[in-house]
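Novice: Quick one: this structure, given as structure tokens, is what I'll be asking you about.
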Amino acid sequence: MSVPDKARRQAKALREQIDQHNYRYHVLDEPQIPDAEYDRLFRQLLKLEEQYPDLVTADSPTQRVGGEPLPGFAQVPHAVPMLSLDNAFSAEDIIAFDRRVRERLESEDEVAYAVEPKLDGMAISLRYEQGQFVQAATRGDGRTGEDVSHNVKTIPAVPMRLHGGGFPKVLEVRGEVYMPLAGFDAMNAAARKAGEKTFANPRNATAGSLRQLDPRVAARRPLTMFVYGVGEVSGGELPATHSETLQRLAEWGLRVCPENQVVVGATGCIDYFERIGERRHALAYEIDGVVCKVDDYALQRELGFVSRAPRWAIASKFPAQEELTVIKGVDWQVGRTGALTPVARLEPVNVGGVTVSNATLHNIDELERKDVRIGDTVSVRRAGDVIPEVVSVLKARRQNNAAPVRLPRRCPVCKSEVSRAEGEAVARCSAGLYCEAQRKEALKHFVSRKAMDIDGLGSKLIEQLVDEGLVRTPADLFNAQRINVESLAGLERMAEKSASNLVAAIDASRDVSLSRFLFALGIREVGEATAENLANHFGSLEALISSSDDMEALERVPDVGPIVAEHIRAFFSEEHNLQVLDQLTGPQGVRVRSVEIADDIEQEFAGITFVVTGTLASMTRDQAKAEIKQKGGKVSGSVSAKTGYLVYGEKAGSKLDKARQLGVELLNEDEFLNKLGRR
Ligand code: IVH
């Protein structure tokens with residue numbers, strides 16, 4: 001079929017727009033349009049290309065998404081080898097490196113170094129010819145790597161075409177593909193929930209994704225890339241220094257780490273190493289040190305290489321974050337919702353400068369999957385401020401007498417029964433607030449910063465108050481007969497001054513917004529956002545309580561589905577909880593501020609049942625349902641004569657047909673948005 005000029009122009013314009021938005025989002029981190037708008041452009045291009053397959057170009061954004069699996073990896077020889085780096089483990093090592101550099105250069109002057117974080121991912125070489133992406137290869141043994149183009153193409157931060165002009169005819173760009181921590185954590189959390197295998201760290205997750213033959217796997221993984229150098233360059237020139245080259249690469253649309261700098265001499269390198277070390281855990285990705293490179297290419301050439309590493313660069317490494325040790329026992333901690341967390345007691349071990357003697361095993365499911373036994377040698381990892389975790393067991397070192405760990409039948413704190421719901425990864429103590437451990441955790445949550453925000457009332461103090469029998473429920477905190485300057489000053493490590501400060505802080509917290517108060521109650525699955533939605537929807541505590549056994553009313557609140565609604569219902573049907581609420585808002589004088597709600601617009605859809613089907617461009621189906629419920633409408637999963645409206649998006653199927661047959665009024669996305677008053 002011949003392709004009309006108009007379609008050709010349209011496809012080209014769409015490709016350019018999509019590339020541009022992709023670049024703004026994934027490289028510059030400055031998105032210009034909402035995701036839904038991006039998706040719309042993308043679908044338009046897909047549709048055009050479907051209609052006119054001749055329009056599909058190799059660099060079209062539609063060609064990134066994973067196609068069919070490959071039979072195997074092709075070998076890629078590296079014309080310019082991909083080298084490794086020598087390591088420095090101390091300031092002295094950096095000073096010695098700088099001395100060697102200056103001796104070889106016979107230079108009296110200080111040397112300028114380009115300094116960069118050492119990214120913990122996988123080294124990849126990207127090959128561009130005439131500005132077009134042609135291949136991505138792993139490092140392999142440094143001389144020959146493997147062709148992973150099919151996977152790297154799915155990484156949105158990797159441009160399929162270089163921006164602007166002036167690039168060499170052949171340009172190999174080298175850098176690190178990695179997985180940002182947030183994406184890694186979310187991916188592991190989802191895997192844990194689904195009972196699937198988790199990755200030990202972001203680097204393994206990256207390597208595991210890139211080594212797949214099936215590109216659809218990599219396409220689902222949150223990978224990105226920073227570039228930090230070049231390989232083969234021909235048919236064009238690059239600037240005279242490494243730092244200017246990186247700038248040029250950024251102009252061509254490649255992603256360069258914003259932490260890169262140029263410093264002077266060994267002192268500059270050491271200073272940078274320390275500064276990055278302090279901020280290391282605030283970065284969005286894992287690094288394991290810094291790399292210092294002589295900035296001037298002419299000097300780099302003069303220095304040359306030794307065996308597999310350049311003389312002009314060094315990797316200064318942070319102390320390891322993962323170490324081996326032995327499990328002495330497993331304790332069970334009881335959380336706010338009764339969840340039992342297995343915690344490994346360890347032979348103390350120094351991990352990256354901190355002595356670790358406990359590490360989490362997350363939950364019983366995870367413990368069983370890793371098959372952790374007492375006496376096992378395990379690998380323990382510490383990352384940032386998070387609790388150290390047991391990553392894996394060295395099965396080869398297992399002794400015959402290693403004892404398996406069993407889930408206790410009774411709560412280690414209150415001795416009530418422990419239950420594990422079918423299909424749940426977590427086991428719980430069934431006693432609720434009658435369990436002292438749960439009570440303590442509930443109180444800690446109640447007073448925490450995003451809840452009642454009582455200054456000076458930390459975890460240790462809550463434990464003391466409960467242990468001393470001064471406090472059992474949140475209401476007791478406000479009871480002046482229990483909590484006063486005298487009773488507090490009698491506690492360990494509590495002076496009169498801090499006691500009276502605390503009394504004042506408790507008093508000040510009496511005036512509280514409904515959303516904070518609801519969050520403070522610690523209802524399962526009711527986080528800050530849901531608490532806020534509940535507050536805005538019901539307006540007052542009384543209104544929420546009186547609707548709390550009406551599941552339909554609860555599910556009308558955005559974000560509240562059947563599970564959350566059930567937790568809310570269960571909370572307010574517990575006599576004990578209602579008593580505490582009565583005491584709080586009655587004798588103990590807590591004033592929960594109501595929210596004004598505009599119910600005239602709210603209830604526009606009252607009594608009307610909607611069915612939503614197909615894919616909407618501007619919102620997910622769940623968002624659409626929440627909007628309908630917000631306006632008082634009902635949402636059903638199936639079309640019947642009682643259906644008021646069928647809202648349909650792309651790829652709507654049998655529900656649309658059925659609605660047509662029954663003569664149900666149909667709303668396409670635009671019409672639906674109109675009805676919501678969004679257009
Ligand atoms: S430069 C000849 N810069 O470290 C120079 N490497 O041991 C070669 N790496 O395989 C690399 N961050 O995966 C360079 N900013 C950075 C780096 C970096 C991480 C890795 C890279 C390489 C290994 C070298």
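Novice: Check every one of the helices (runs of 4 or more DSSP H) wholly within the range 454-554 and list those with 3 or more residues that are under 29 Å from the mean Cα position of the chain (by Cα).
Specialist: 514-520, 528-538
Novice: Anything in the range 384-393 that is surrounded by 12 or more Cβ atoms within 10 Å (Cβ to Cβ) and either of a type in the set (Phe, Trp, Tyr) or touching a residue at least 24 places away in the same chain (Cβ under 8 Å) (or both)? List them, or say none.
Specialist: Once the filter is applied, which keeps residues that are surrounded by 12 or more Cβ atoms within 10 Å (Cβ to Cβ) and either of a type in the set (Phe, Trp, Tyr) or touching a residue at least 24 places away in the same chain (Cβ under 8 Å) (or both), the range 384-393 yields Ile387, Pro388, Glu389, Val390, Val391, Ser392.
Novice: Within the group Arg99, Arg43, which residue is more than 16 Å from the ligand (Cβ to nearest atom), closer than 29 Å to Thr245 by Cβ and in a helix (DSSP H, G or I)?
Specialist: Sole residue among the options that is more than 16 Å from the ligand (Cβ to nearest atom), closer than 29 Å to Thr245 by Cβ and in a helix (DSSP H, G or I): Arg99.
Novice: Continuing with this model, one more query. Could you grab me the full set of residues in the range 202-222 that are open to solvent by less than 10 Å² (accessible area, probe 1.4 Å) and closer than 30 Å to Gln321 by Cα?
Specialist: Pro202, Ala205, Thr206, Ser209, Leu210, Ala218
Novice: Over 23 Å from Arg381 (Cα atoms), within 16 Å of the ligand (Cβ to nearest atom) and modelled with pLDDT under 90 - does that describe any residue in the range 211-220?
Specialist: Looking for residues that are over 23 Å from Arg381 (Cα atoms), within 16 Å of the ligand (Cβ to nearest atom) and modelled with pLDDT under 90, one finds at least one in the range 211-220, hence yes.
Novice: Step by step: first the residues of the range 20-32, then only those that are touching a helix residue (DSSP H, G or I) at 6+ places or on another chain (Cβ under 6 Å) and surrounded by 14 or more Cβ atoms within 10 Å (Cβ to Cβ), then the one that is farthest from Glu251 (Cα to Cα). Which residue is that?
Specialist: Taking the candidates together, the pick is Pro31.
Here's the yes/no breakdown for (1) open to solvent by less than 50 Å² (accessible area, probe 1.4 Å); (2) within 13 Å of the ligand (Cβ to nearest atom):
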site	(1), (2)
Cys257	yes, yes
Gly268	yes, no
Tyr285	yes, yes
Val291	yes, yes
Val306	no, yes
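Novice: Among the residues of the range 328-383, count how many are acidic (Asp, Glu) and farther than 13 Å from Val405 by Cα.
Specialist: Number of matching residues: 1.
Novice: If only one of Ala79, Ala136, Ala74, Ala114 is more than 12 Å from the ligand (Cβ to nearest atom), of a type outside the set (Phe, Trp, Tyr) and modelled with pLDDT of 95 or more, which one is it?
Specialist: Among Ala79, Ala136, Ala74, Ala114, only Ala136 is more than 12 Å from the ligand (Cβ to nearest atom), of a type outside the set (Phe, Trp, Tyr) and modelled with pLDDT of 95 or more.
Novice: Got a sec? Which of Glu172, Glu176, Glu129 is out of contact with any helix residue (DSSP H, G or I) (no Cβ under 9 Å at 6 or more places or on another chain), open to solvent by less than 30 Å² (accessible area, probe 1.4 Å) and among the acidic types (Asp, Glu)?
Specialist: Matching residue, one of Glu172, Glu176, Glu129: Glu172.
Novice: Do we have Val343 as under 27 Å from the mean Cα position of the chain (by Cα) and assigned to a strand (DSSP E or B) here?
Specialist: yes
Novice: Something else: Asp93 - would you say it is within 16 Å of the ligand (Cβ to nearest atom) and open to solvent by 40 Å² or more (accessible area, probe 1.4 Å)?
Specialist: It is true that Asp93 is within 16 Å of the ligand (Cβ to nearest atom) and open to solvent by 40 Å² or more (accessible area, probe 1.4 Å).
The values are calculated or read from the model by the stated rules, or taken from the named source; none is laboratory data. These numbers come from a predicted model, not from an experiment. Here the Cβ is made from the backbone with ideal geometry for all residues, glycine too, and neighbour counts use every protein chain on show. Just the protein is used for accessible areas: all its heavy atoms, side chains included, with ligands, DNA and RNA removed. Shrake-Rupley method; radii C 1.70, N 1.55, O 1.52, S 1.80 Å.
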